[in-house]
Amino acid sequence: MPFFSTAPVRIQPYFGYRNRERLFITARALRSRVGNFEKRGKWRAMRTMMGQFASHEVKELPVELEIVSPSGETRRHQGLTDKEGFAHFDIPLEGDWPYGEHPEWETVTFHWENGRGKQCADGHVLAPGRDTGLAMISDIDDTIIETGITGDFRAVLRNWRRVLMEMPEERILVPGADMFYNALGGNEGLPEGKGHAGEHLPAPRRPFFYVSSSPWNLFSYLVSYMRGRGLPLGPIQLRDWGLNRETFGSSSHGAHKRAAIEGILATYPDIKFALLGDDSQGDLTAFSAIAIDNPDRVRAVFIRKVGEAMSPEEVAAKAALKAANIPLWLGEGYEEGRKFLRSIGLLDDEDAEAIVKSVGHAQDASKEETV
């Protein structure tokens with residue numbers, strides 16, 4: 001039975017993004033309390049996490065999205081939540097919507113009514129800058145955090161304690177991820193507030209997009225983790241999730257990630273991307289296929305190596321990337337890492353050598369620190 005089924009309806013905004021022609025953002029109507037992920041004992045942690053998964057979605061709720069054009073004109077768009085509580089906005093942008101010089105978060109506001117009257121909550125939409133030539137698409141699960149959410153049933157059972165009883169601050173950061181990701185994109189935080197549509201806030205200097213097979217219920221948890229570890233924030237593509245064979249099948253993970261990545265590539269035809277993942281769920285194979293299909297769009301592939309011997313499919317994927325002259329880093333040492341950073345224009349970064357050394361040792365350190 002869902003927790004908080006009588007709680008007032010709230011809106012959970014997810015990070016959106018736009019190009020010069022369209023704006024995409026999603027929100028979800030829930031009867032639940034806002035997740036408080038402070039470390040306050042195992043029982044409270046478990047109750048908090050169970051509340052995230054046992055949310056009560058609200059269907060057929062009118063939701064209004066307020067956006068402000070570059071010229072200062074306020075526009076409102078009507079939406080209605082579906083049976084899972086989602087309100088998806090795909091808005092054609094009328095008039096001139098140029099980018100700023102650098103990437104920015106543009107603030108929008110959601111409006112709705114519940115038993116306590118009119119309510120509003122801010123959302124944030126990522127817009128690249130005129131200077132954006134390269135952006136990042138990163139996996140989450142086992143790339144920056146050991147989630148234990150995806151994989152087969154045995155993997156989920158093995159990691160249930162982490163999911164249900166550990167708050168974001170207790171989770172183990174993949175060694176070197178904070179340094180590496182900040183060198184790639186920097187880190188700009190986002191304030192939380194209400195009614196600030198039209199405000200512009202600085203975003204990471206290279207836009208970040210995250211794709212994951214984890215459920216949407218973990219959005220706030222993952223954002224809290226990223227904030228606490230100083231990782232660059234960006235739109236997060238999660239998915240509907242259920243306890244069924246389709247959810248846990250590896251082919252399902254790959255199909256979801258590929259569709260999400262291809263959607264991002266299509267949204268930004270003038271931007272090149274680096275793909276970042278790990279070898280625990282076939283990211284090398286999936287990323288290679290995407291890169292081969294889009295050779296002019298993928299500048300480099302970064303794979304954190306956590307497994308042992310490469311599978312035949314991974315060996316073939318590595319060979320295909322080499323034949324296509326697309327740089328690949330498997331995180332195995334400084335020289336290969338240096339070439340990777342050079343290929344995406346980071347060799348001049350003053351922290352480059354330290355970054356590569358840290359990530360180069362990720363495999364040994366992660367084995368020592370994880371269960």
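The values are calculated or read from the model by the stated rules, or taken from the named source; none is laboratory data. The structure displayed is predicted, hence computed values, not measured ones. Here the Cβ is made from the backbone with ideal geometry for all residues, glycine too, and neighbour counts use every protein chain on show. Surface accessibility is based on the protein's heavy atoms, side chains included, excluding ligands, DNA and RNA. Shrake-Rupley method; radii C 1.70, N 1.55, O 1.52, S 1.80 Å.
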Restricting attention to segment 108-143, the residues that are in a strand (DSSP E or B), within 19 Å of residue 209 (Cβ to Cβ) and among the polar types (S, T, N, Q) number exactly 1
Among the residues of segment 92-107, the number that are in a strand (DSSP E or B) and of a type in the set (A, V, I, L, M, F, W, C) is 1
For residue 325, the lone unmet condition from (1) over 24 Å from the mean Cα position of the chain (by Cα); (2) at negative phi; (3) of a type outside the set (A, V, I, L, M); (4) modelled with pLDDT under 90 is (2)
Flagged in segment 109-168 as under 20 Å from residue 230 (Cβ atoms), open to solvent by 10 Å² or more (accessible area, probe 1.4 Å) and at pLDDT 95 or above, in numbering order, are 124
Filter segment 173-202 for residues that are small (Gly, Ala, Ser) and farther than 22 Å from residue 277 by Cα; the one that is modelled with the lowest pLDDT is 193
Per the filter on segment 200-236, residues touching a His at 6+ places or on another chain (Cβ under 9 Å) and part of a strand (DSSP E or B) are 201, 202, 211, 212, 213
Residue 316: passes all of (1) closer than 26 Å to residue 186 by Cα; (2) at pLDDT 80 or above but (1)
So, first residue within 16 Å of residue 16 (Cα to Cα) in segment 61-87, second residue assigned to a strand (DSSP E or B) and open to solvent by 80 Å² or more (accessible area, probe 1.4 Å), Cβ within less than 6 Å, six or more apart or across chains; the pairs are 64/76; 64/78; 66/76
